[in-house]
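Undergrad: Input: one structure, supplied below.
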Amino acid sequence: MQLQEHFNLKDLNTFGIEAKAKYFAEIREKKDLRDLISSGILTSESWLILGEGSNILFRGDYDGLILKTRLSGMTTEKCSEDQILVTAAAGESWHGLVMRCMDHNWGGIENLALIPGTVGAAPVQNIGAYGRELSEVLEYVDVIDLETGDEDRLDQKVCAFGYRDSLFKQPKGKKFFISSVTLRLTTKNHLINTSYGAISTVLMGQGVEQPTLQDVGRAVISIRKEKLPDPQKIGNAGSFFKNPVVDAALIESIQNQYSTLPFYKTENQQFKIPAAWLIETAGWKGKRLGNTGVHEKQALVLVNYGGATGEEILNLSQQIMDDVKTKFGVQLQREVQIAEGKSPK
Ligand SMILES: Cc1cc2nc3c(=O)[nH]c(=O)nc-3n(C[C@H](O)[C@H](O)[C@H](O)COP(=O)(O)OP(=O)(O)OC[C@H]3O[C@@H](n4cnc5c(N)ncnc54)[C@H](O)[C@@H]3O)c2cc1C
């Protein structure tokens, strides 16, 4: 494994931000991590694990070591009459894995088709879309503790999954390099979920009455292609903000002014408001500030029109957050990770 210096990260983040890493290493096997640990660099420098950079914002150059995940491979183990355990290495493409599972008729992740990124990053924010979340099918993740070099297997409960949240976003979980992810998928009697978004409309339009998991996967892919800006064409990291969860009192106070407020009941008498509605109603959709802006069709997506710095995008996000707080009393939270990494001890 080679340690490179002043490495350009522009092609390794979907925002297309110009940024350089002081050090850069590609992790192709677990031994690469063990070598780095024994070299001492992980205790003298900050470090950050990087997948495909589709949920990360570099504020500027990264003054530390970037660990780029390249671990590859996939194995399976039949675990019951109608279930299979599928293990994929962290550096595999998430969408590639979804397509392979669809080809084999293994069900459970077809609603998560076309989400960019690596398999190893998927548990970090418990990726979710079209009515499904990774945590519903995740059996365990294998990790390497980058402080000690110890390997461990963390089951679903230990991962502490929540809405776009997990152990791996908490300070105590940031030391873990996820080396592989194991999913429990169905081989028959699939749980088909067409309840969310436009899936059922698309399927009805195609005359599909009893959809297979492949039908659902293809419908999700076509909806996403239509709805979401392609990072190859315009820099972005998907939804920049999470949908806020608020209490009934706040819902009532917003409704006094905005009777059309959309919201959904979650657990413990809490309510989820679509962040896109708040941002659009506050007048930000399609707004452009210099080289950055809010996408004209997707209020949740901040874009780099070309040449934007990470700091510009961060500033735009802060302005939106402040404005939404002032207008609705709702505190938005960023879904995208700001590239800070783990500081040396
Ligand atoms: C157009 C577009 C659409 C999107 N749609 C969705 C969507 O529908 N649903 C959704 O949930 N997300 C969505 N995203 C966000 C993104 O695709 C996911 O968060 C994805 O899992 C990020 O993968 P990545 O490999 O690019 O991770 P990166 O952006 O490289 O990293 C993200 C975080 O994970 C950490 N990390 C990465 N790999 C590892 C590892 N092996 N071990 C430990 N930590 C690691 C990083 O340090 C960082 O904190 C979208 C993004 C884009 C650009």
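Undergrad: At 1.4 Å probe size, what's the solvent-accessible area of T187? Round to the nearest 10 Å².
TA: 40 Å²
Undergrad: As a test of reading the structure, rank M102, M74, M204 by solvent-accessible area (1.4 Å probe, protein chains only), most first.
TA: Working: M102 15, M74 55, M204 140 Å².
The residues order as M204, M74, M102, largest area first.
Undergrad: Shifting gears a bit: Could you check how much of the accessible area of the range 4-69 is carbon and sulfur, as a whole percent, using a 1.4 Å probe? Mind showing how you got there, number by number?
TA: Details: 1240 of 2900 Å².
In the range 4-69, the share of accessible area belonging to carbon and sulfur is 43 percent.
Undergrad: At a temperature of 4 °C and a viscosity of 1.567 mPa s, determine how fast the chain diffuses translationally according to Stokes-Einstein, using the Kirkwood radius over alpha-carbon pairs as Rh; express D in µm²/s, rounded to the nearest whole number.
TA: Once the numbers are plugged in, D ends up at 61 µm²/s.
Undergrad: Ignoring ligands, DNA and RNA, what accessible area per residue does the range 74-227 give at 1.4 Å, in Å²?
TA: 45 Å²
Undergrad: What helices in the chain pass both tests, a Cα length along the helix axis of 30 Å or more and a mean Kyte hydropathy of -0.5 or higher, using whole DSSP H runs?
TA: Qualifying helices: none.
Undergrad: With both bridge residues required to lie in the range 50-129, what share of the DSSP beta bridges run antiparallel, to the nearest 5%?
TA: Working: 7 of 8 bridges.
Counting DSSP beta bridges with both partners in the range 50-129, the antiparallel share is about 90 percent.
Undergrad: Between Q232 and T260, what FRET efficiency comes out of the Förster formula 1/(1 + (r/R0)^6) with R0 = 41 Å and r the beta carbon distance, rounded to 0.05?
TA: The computed FRET efficiency comes out at 0.70.
Undergrad: What number results when the radius of gyration of the range 74-227, computed over Cα atoms, is divided by 2.2 N^0.38 Å?
TA: Compactness ratio reported: 1.06.
Undergrad: A follow-up question, please. Just from its helices, what would the mean residue ellipticity at 222 nm be for the chain, if runs of 4 or more DSSP H residues each count -39500 (n - 2.57) and the sum is divided by every residue, rounded to the nearest 500 deg cm²/dmol?
TA: Numbers: 8 runs with 82 residues, N = 345.
Taking each H run of at least 4 residues, the total per residue is -7000 deg cm²/dmol.
Undergrad: In addition: Count neighbours as other Cβ atoms within 10 Å of each site's Cβ, and list the GluC sites (Glu not before Pro) in the range 246-288 that are DSSP loop with at most 15 such neighbours.
TA: Values: sites: E252, E267, E280; in loops: E267.
Here the sparse-neighbourhood loop sites are E267.
Undergrad: Using a 1.4 angstrom probe and counting only protein chains, how large is the accessible area of Y23 in Å², to 10?
TA: Approximately 50 Å² for this residue.
Undergrad: With every protein chain left in place and a probe of 1.4 Å, what is the accessible surface of L3, to the nearest 10 Å²?
TA: Its heavy atoms expose roughly 80 Å² to the probe.
Undergrad: Here's another thing I want to ask about it. Expressed as a whole percent, how much of the Cα-Cα distance distribution for the range 184-269 exceeds 14 Å? List each step's numbers first, then the result.
TA: Numbers: 2767 of 3655 pairs.
Considering the range 184-269, 76 percent of its Cα-Cα pairs are separated by more than 14 Å.
Undergrad: May I pose another question? Using the heavy atoms of the protein chains and a 1.4 angstrom probe, tell me the accessible area per residue for the range 250-341 in square angstrom.
TA: 51 Å²
Undergrad: With both partners inside the range 4-69, how many of the DSSP beta bridges are antiparallel, as a percent to the nearest 5?
TA: Values: 4 of 15 bridges.
Here the antiparallel bridges make up roughly 25 percent for the range 4-69.
Undergrad: Here's another thing I want to ask about it. With the full set of protein chains in place, find how many percent of the accessible area of the range 235-338 is carbon and sulfur; take the probe as 1.4 Å.
TA: 44 percent
Undergrad: Turning to a different aspect of this structure: For D63 and L289 in one chain, what is 0.36 nm times their gap in residues minus the Cα-Cα distance, to one decimal in nm?
TA: 78.6 nm
Undergrad: Once both labels are modelled 7 Å past Cα along the beta-carbon direction, what's the E5-L250 spacing in nm?
TA: For E5 paired with L250, the spin-label model returns 4.8 nm.
The values are calculated or read from the model by the stated rules, or taken from the named source; none is laboratory data. Quick caveat: nothing in here was measured; it's all calculated off a predicted structure. Virtual Cβ from ideal backbone geometry, glycine too; neighbours counted across all protein chains shown. Surface areas here come from the heavy atoms of the whole protein model, side chains and all, with no ligands, DNA or RNA. Shrake-Rupley method; radii C 1.70, N 1.55, O 1.52, S 1.80 Å.
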